[in-house]
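Working notes for the structure below.
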Amino acid sequence: MTFHPTEVILKPYVTEKTLLMIEKENKLTFIVAKNATKTQVRHAVENLFDVEVEKININITKYGKKAIVKLKKDYSAEELGMRLGIF
């Protein structure tokens with residue numbers, strides 16, 4: 001089953017820890033659809049934000065399904081965070 005990228009990525013997840021991950025590890029964190037796979041999250045992030053993804057980790061939390069997305073070295077998580085209004 002395919003989803004539109006806006007149905008996969010629900011919203012950015014922002015805490016002090018995720019802000020440090022943006023700055024130090026080039027990672028962004030999103031709340032994603034409950035039935036989204038890593039592949040769907042990868043395609044959604046790459047299509048919505050025009051970046052390339054290196055790695056994705058997914059966790060289930062009390063807030064929903066959380067995807068930690070590491071961007072490739074050529075792309076800046078800080079820059080994308082500014083575009084998203086996180087900073």
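Got a sec? How would Leu84, Leu71 order by Cβ neighbour count within 10 Å, fewest to most?
Leu84, Leu71
Among Glu52, Glu25, Glu16, whose mean-square fluctuation peaks in a Gaussian network model of the chain (Cα, cutoff 10 Å)?
Greatest mean-square fluctuation among the candidates belongs to Glu16.
Taking the chain as a Gaussian network, where each spring joins two C-alpha atoms under 10 Å apart, which residue of Leu48, Leu28, Leu19 fluctuates the most?
Leu48
Could you check which residue among Val69, Val53, Val32 shows the biggest mean-square fluctuation in a GNM of the chain with a 10 Å Cα cutoff?
So, out of Val69, Val53, Val32, the one fluctuating most is Val53.
Return the percentage of antiparallel bridges among DSSP beta bridges fully within the chain, rounded to the nearest 5 %.
Given both bridge residues lie in the chain, the antiparallel proportion sits at roughly 100 percent.
In whole Å, what three semi-axes, largest first, describe the equivalent ellipsoid of the chain built from its Cα gyration tensor (square root of 5 times each eigenvalue)?
Sorted largest first and rounded, they come to 19, 15, 11 Å.
Set Lys and Arg Cβ to +1 and Asp and Glu Cβ to -1, take the dipole of the chain about its Cα centre, and tell me which of Val69, Asn35, Thr6 lies farthest positive.
Highest projection toward the positive end goes to Asn35.
Throughout, read-outs are computed from the coordinates displayed, never taken from laboratory work. Just so it is clear, the structure is predicted and the values come from calculations on it, not from any experiment. Quick reminder, even Gly has a Cβ in these numbers, built from the backbone with ideal geometry, and neighbours come from all protein chains shown.
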